[in-house]
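Colleague: Have a look at this one.
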Amino acid sequence: MTPPASAAARPAPARAPAARPRPRPPALARSRGRRKARARLGVLLIPVVAILLGGIVWVNAAELRLTKQQGDVARRQARVQQQLTTLKAREERMDTEVVDRATKLGMRFPTAKEVTYLDAARTRP
């Protein structure tokens, strides 16, 4: 089949010049670039991770130190409480002993009407 005469008389449309494909770098060069990028990332990432882990260790050590100090304070508080109980019992015994000895000597507690107060200003010469 032959094309119609009118189609042959028309000029062919002008084609845009074909874009030249950009030369792609060889696969080896691309992989080297990626390796360098990964190495740079590793060089930057390792110290950051080390600092973060160091901070976590520091916080845990501080927490352990505080826990130990709390235990020490609790033990001291228990010891002081025991000493306080011992001193109160000793005071009670001594008070009873003083009252008993005073009673043997004929002393007694005065009533409220028997207590008199002196004015210090009038007793001075």
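Just so it is clear, none of the values below were taken in a lab; they were calculated from the coordinates. All values reported here derive from a predicted model rather than from experimental measurement. Ideal geometry is used to build each Cβ from the backbone, glycine not excepted, and the neighbour counts take in all protein chains shown.
Colleague: Given a Förster radius of 41 Å and the C-beta distance between L105 and V80 as r, what FRET efficiency does 1/(1 + (r/R0)^6) yield to the nearest 0.05?
Modeller: Working: r = 37 Å, r/R0 = 0.90.
The pair L105/V80 has a calculated efficiency of 0.65.
Colleague: Sticking with this one: Local charge sum around M94 (other residues, Cβ-Cβ under 12 Å, Lys/Arg +1, Asp/Glu -1)?
Modeller: So the surrounding residues net to -1.
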